[in-house]
Amino acid sequence: MKGCIVYFSATGNTEYVAKAIKNEFEVKNISCDLYEVSKNSGFEDKYDFYVFGAPIYAELFPTFYTEWIKKHITKGNGRKCIVFSTQANIIACGPTVFSKELKKIGFEVVIEDCITMPNNYYLVMFKKFTDQEVNDALMKAKERVRLIVDTFMNNRTHFINAKGREIWGKPVFKLFMLWSRKWAKKGLVVDMGKCTRCGLCQKHCPVNNIKVNKDSIVFSENCTSCQRCVHKCPVNCFSL
């Protein structure tokens, strides 16, 4: 049996959990590949089971992530899967909403879970976690991962109760994504004196929203406010 963890990670939270899940499966002698969807190359739908994971954007998974899954994995064929989200809050309806889509194409969703991680959206809103809060969150995330993998390996199920959140979560998500499209263009300030023109922000933008020129960095209007450019910049040249 071989699985694949298909995920998107902008600031590192979801990648941390994805790697922890991979390690936990391998402790149990189950091989798992990691695939981060913004690579957008070299993927083959050849696995016995899947783990799907993404950060929460105003209650739901980012659209480019769910669309990538729909394009590249078109049939579940009865295969089991795990769906997890990462967020600073304790719960969101993203896993439940996406699970419904996976079931429509024939997946057997056996686990839905929300994993609390450090708030990496602090540049826009909410409080930045203290070092102690970060360490506590990471430790609890690993404990949660062990429980998820144990549940899967023992043929049990686990689902979150987020039905009420779907009612208001979907319209909030739509408004958030409309706002996000111009977030970088309107909100981000680039210190070109610090910028080294390394191009990492352009290379790693999951929606191709950034163009690095000789004298400027230009943002289009397709931003998801994922914060990847901010967190990837080696010289911290972005600010509000």
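Computed from the coordinates by the stated procedures, all read-outs in this text should not be read as laboratory data. Keep in mind it's a predicted model, so treat the numbers as computed, not measured. Methodologically, a virtual Cβ is constructed for each residue, glycine included, from the backbone with ideal geometry; neighbour enumeration extends over all protein chains shown.
DSSP loop chymotrypsin sites (Phe, Trp or Tyr not before Pro) in the range 75-142 with at most 16 other Cβ atoms within 10 Å of their Cβ, which ones?
TYR122, PHE126
If you average the sequence gap of Cα pairs under 8 Å that are 6 or more apart and divide by the length of the chain, what percent do you get for the contact order?
18 percent
Placing unit charges on C-beta atoms (Lys and Arg positive, Asp and Glu negative, everything else neutral), compute the dipole magnitude of the chain about its Cα centre in debye, rounded to 20.
Result for the chain is approximately 580 debye, rounded to the nearest 20.
Report the FRET efficiency, 1/(1 + (r/R0)^6), for ASP191 and LYS100, where r is their Cβ-Cβ distance and R0 is 25 Å, rounded to 0.05.
FRET efficiency, ASP191 to LYS100: 0.05.
Given that compact globular proteins tend to follow 2.2 N^0.38 Å, what is the ratio of the alpha-carbon Rg of the range 98-240 to that value?
1.32
Roughly how tilted is helix 163-180, in degrees to the nearest 10 and between 0 and 90, from the longest Cα axis of the chain?
For 163-180 against the chain, the angle is about 30 degrees.
Which whole-number percent of Cα pairs in the chain have a distance greater than 34 Å?
The answer is 16 percent, as a whole percent.
Efficiency by 1/(1 + (r/R0)^6): what FRET value for LYS203 and THR157, r their Cβ-Cβ distance, R0 = 35 Å, to the nearest 0.05?
Taking R0 as 35 Å, the efficiency between LYS203 and THR157 is 0.30.
Which loop trypsin sites (Lys or Arg not before Pro) in the range 183-223, with loop taken from DSSP, have no more than 14 other Cβ atoms within 10 angstrom of their Cβ?
Answer by residue number: LYS194, ARG197, LYS214.
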